[in-house]
Amino acid sequence: MVVQIVGIPATLEIEIEHLINRVFFKAIDLLGGLEKLAEFRTLTWLPSLARAAIVVVLKEEYMKTDEEIAQKVGLTKNTVKNILKADPEAALKKIKAIEELLSEEVKELKVHTAGGIAKLAYKEIKLGHEAQTLLHYCSIVAEDIVKTLEIPWAYLVLRKSKGLKYPVTEPKILKEKLEGIFIKGIPVEEIIENLQYPIKNPAILLREIKEYLQIKEVQRS
């Protein structure tokens with residue numbers, strides 16, 4: 001999803017594109033994932049979600065006017081207004097009753113619903129709740145990297161923590177996943193107890209462990 005915006009420096013265009021993608025994937029997550037949408041033959045909702053994600057990010061993050069957004073996304077000014085007026089709480093209620101939502105809007109996602117879901121997804125991203133699909137992909141990429149760098153403990157942590165849902169807010173969940181392993185001679189349970197929570201993604205998990213290992217090395221020397 002490439003977004004080029006008049007009036008925004010080129011150096012920021014990549015940032016806005018990344019944020020839109022994160023909001024878009026989070027919106028899909030909120031609806032149960034691509035598999036769920038495919039199961040109910042509602043993949044036609046994706047363009048509406050994508051447009052709503054762009055509208056919400058341009059307004060909330062970059063304070064673009066309704067006219068500028070309408071021109072950029074190829075929507076009417078009225079449609080942009082309807083997306084921005086959408087109620088995230090109403091969208092959340094619909095998501096919780098997903099079967100009802102699917103029966104109501106099978107062919108095309110209504111503007112208000114798409115806007116509400118995009119707003120909710122944006123809020124979740126700002127709170128650090130990334131889409132699980134992206135986190136899973138990041139975990140796979142990180143695993144490949146640490147294999148190349150030959151960091152055995154990092155590879156082991158990523159492999160054993162597969163399927164872990166982020167953010168991780170307490171040690172208990174990590175202990176269950178990593179139970180019984182040692183990292184540089186230190187029981188993983190000790191390490192987990194001394195990490196900073198919440199842990200938002202696999203990269204932060206590895207960083208937190210690395211920092212604790214460095215502290216232990218200093219204490220031993």
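The values are calculated or read from the model by the stated rules, or taken from the named source; none is laboratory data. Computed from a predicted structure; not experimentally measured. Note: ideal-geometry Cβ built from the backbone for every residue, glycine included; neighbour counts use all protein chains shown.
Hey, could you check segment 74-96 for residues that are outside any helix (DSSP H, G or I) and not small (Gly, Ala, Ser) and say which is farthest from the chain's Cα centre (by Cα)?
Looking at residues that are outside any helix (DSSP H, G or I) and not small (Gly, Ala, Ser), I get Thr76.
Any residue in segment 39-68 that is in a loop (DSSP other than H, G, I, E, B) sitting within a Cβ distance under 8 Å of a residue that is modelled with pLDDT under 90 and among the acidic types (Asp, Glu)? List the pairs, counting only those 6 or more apart or interchain.
From residues that are in a loop (DSSP other than H, G, I, E, B), the pairs are Thr42/Glu105.
Going by the structure shown, is Leu195 aliphatic (A, V, I, L, M), assigned by TED's automatic domain parsing to the domain that holds Leu34 and either out of contact with any Ser or Thr (no Cβ under 6 Å at 6 or more places or on another chain) or at pLDDT below 85 (or both)?
Spelling it out, it is not the case that Leu195 is aliphatic (A, V, I, L, M), assigned by TED's automatic domain parsing to the domain that holds Leu34 and either out of contact with any Ser or Thr (no Cβ under 6 Å at 6 or more places or on another chain) or at pLDDT below 85 (or both).
Need the failing condition index for Leu19 against (1) at pLDDT 90 or above; (2) under 26 Å from Ile95 (Cβ atoms), just the number.
If we test Leu19 against (1) at pLDDT 90 or above; (2) under 26 Å from Ile95 (Cβ atoms), just (1) comes out false.
Could you list all residues from segment 169-180 that are among the β-branched types (Val, Ile, Thr) and either surrounded by fewer than 15 Cβ atoms within 10 Å (Cβ to Cβ) or touching a Pro at 6+ places or on another chain (Cβ under 6 Å) (or both)?
Thr169
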